[in-house]
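To keep things clear, I will list the structure first and then write my remarks on it.
We did not get these values from a lab; they are worked out from the coordinates using the rules stated. None of these values were measured; they are calculated from a predicted model. No Cβ is skipped: glycine too gets one built from the backbone with ideal geometry, and neighbour counts run over all protein chains shown.
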Amino acid sequence: MPLTNIEADNFTAFEDIKIPFNKGLNVLVGENGMGKTHIMKLAYAACQASKHDVSFSQKTTMLFRPDQSSIGRLVNRKKNGKNTAKVSVGSDTAKIGMTFSTKTKKWDAEITTEEKWEKQMSDLTSVFIPAKEILSNAWNLDAAVKMGNVEFDDTYLDIIAAAKIDISRGVDSAARKKYLKILQQISSGKVTLHEDRFYLKPGTQAKLEFNLVAEGLRKIALLWQLIKNGTLEKGSVLFWDEPEANINPKYIPVLAELLIMLEKEGVQIFVSTHDYFLSKYIEIKRKSDSNVQYISLYKDEMNKVQCEIAKEFELLEHNTIMDTFRQLYREEIGVVLQ
């Protein structure tokens, strides 16, 4: 079941915001600090809460990692002195909500309609790819975090777990083979796992430690692994924070086309980006029946974060990516005319 909307009142960067989601590809744009990643993390926490052993409030806390694991620190303090936050995430058939205050201890928030959410969304698979590649540091990371030696939010631990597990059955489908072939041509190999360490194996050559592979190629290889092991398939939800980071610009068109293809196969996708090329190539590569929408987060004259929705990238009125691109064009013309 795809997510249909999210609401956040007095939560982190948001005073009061409601965002409708597309069942296909949702592209979040906006300046730093507008809350793009926060929206995706909150939605991802709701997806993970579809499992009976995962609490919405605890997962939210582990994704945001506030001091002392206190979810109360996620309350926006600017809204008329109010000290209570309220959030909810909905689908066509269910909705899960959460209320907490600055006085809430740890993740002891009030959760609403959690049982119905678990029942209706129990088959949901979701994955969050953080902006920074982490598989190269996967060895013993989970144990180190639990011992308190290092601190990573759950997006990093979860993506390692998702990459390790093999939940696929039987031979690859035609669609999966097509994706894997495209990605393998870019990454020049297949992902393998040995003794809790990830490697890239280029054809018949010896396997390479992930640390010896360029970060951009490691991100492509991760996508290959998630498709190969069946994590990304019809009905699943993909959250990807800044997919363009450290990827060679010549691969951006391929990446955009793969996102469109996954959307076509029934994967609901959320990406946050600051990149003109990725945003524009998604628009160019989309088909007439593609479900794509752009979500722009911006601050109004009252310094309040708002959202704008458009089906086409250039139709966004609040679009700092396009504004900067146009500014560059004007400055370039100015240099030429000097």
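Picking from 32, 22, 213, whose Cα lies most toward the positive end of the charge dipole for the chain (charges on Cβ: Lys, Arg +1; Asp, Glu -1)?
213
Once you've got the Cα coordinates, tell me which of 41/304; 23/311; 82/116 are over 22 Å apart.
Working: 41/304 20 Å; 23/311 13 Å; 82/116 29 Å.
In this structure, 82/116 lie more than 22 Å apart at Cα.
Translational diffusion coefficient of the stretch 200-338 at 25 °C, 0.890 mPa s, Stokes-Einstein with Kirkwood Rh over Cα pairs, in µm²/s as a whole number.
On the way: Rh = 17.3 Å.
Taking Rh from Cα pairs, D becomes 141 µm²/s.
For a quick size check, give me the Cα extents of the stretch 133-232 along its three principal axes, largest first, whole Å.
44, 27, 22
Starting from the Cα of residue 329, step 7 Å toward the Cβ, then list every residue of the stretch 297-321 with an amide N under 18 Å from that point.
Backbone N within reach: 312-321.
Work out the FRET efficiency for residue 234 and residue 105 from their Cβ-Cβ distance, taking R0 = 51 Å, and round it to the nearest 0.05. Walk me through the numbers before you get to the answer.
On the way: r = 40 Å, r/R0 = 0.79.
Taking R0 as 51 Å, the efficiency between residue 234 and residue 105 is 0.80.
For the chain, what does the helix formula give at 222 nm: sum of -39500 (n - 2.57) over DSSP H segments with n ≥ 4, over the residue count, nearest 500 deg cm²/dmol?
Numbers: 10 runs with 115 residues, N = 338.
Value at 222 nm, helices only: -10500 deg cm²/dmol.
Please report, in cubic angstrom per residue, the volume enclosed by the convex hull of the alpha-carbon atoms of the chain.
Details: hull volume 55.4 nm³, N = 338.
Considering the Cα atoms of the chain, their hull volume per residue is 164 Å³.
Cross-link partners among aspartates and glutamates for residue 181, C-alpha distance below 13 Å, same-chain residues fewer than 8 apart left out?
List returned: 172.
If you take the Cα Rg of the stretch 1-60 and divide it by 2.2 N^0.38 Å, with N the number of residues, what do you get?
Working: Rg = 12.1 Å, N = 60, 2.2 N^0.38 = 10.4 Å.
Normalised by 2.2 N^0.38 Å, the Cα Rg of the stretch 1-60 equals 1.16.
Pairs of alpha-carbon atoms within less than 8 angstrom and 6+ residues apart define the contacts here; what relative contact order does the chain have, in percent? Don't skip to the end; give the middle numbers.
On the way: 630 pairs, mean separation 72.6, N = 338.
Rounded, it is 21 percent for the chain.
Using +1 on the beta carbon of Lys and Arg, -1 on that of Asp and Glu, and nothing else charged, what's the dipole of the chain about the Cα centre, debye to 20?
On the way: 46 positive and 45 negative charges, 109 e Å.
In total the dipole reaches around 520 debye.
Would you kindly calculate the translational diffusion coefficient of the stretch 232-314, applying Stokes-Einstein with the Kirkwood radius from alpha carbon pairs, for 25 °C and a viscosity of 0.890 mPa s, and quote it in µm² s⁻¹ without decimals?
Numbers: Rh = 13.7 Å.
D = 179 µm²/s.
Over the stretch 248-299, how many pairs of lysines fall under 17 Å by alpha carbon, counting only those 8 or more apart in sequence or from different chains? Each step should come with its number before you reach the end.
Values: 250/280; 250/285; 264/285; 264/287.
Final tally of qualifying lysine pairs is 4.
Taking the Cα centre of the stretch 133-232 as origin, work out the dipole magnitude from +1 charges on Lys and Arg Cβ and -1 charges on Asp and Glu Cβ, in debye rounded to 20. Don't jump to the answer; show the numbers that get you there.
Working: 14 positive and 12 negative charges, 152 e Å.
Its charge dipole is roughly 720 debye.
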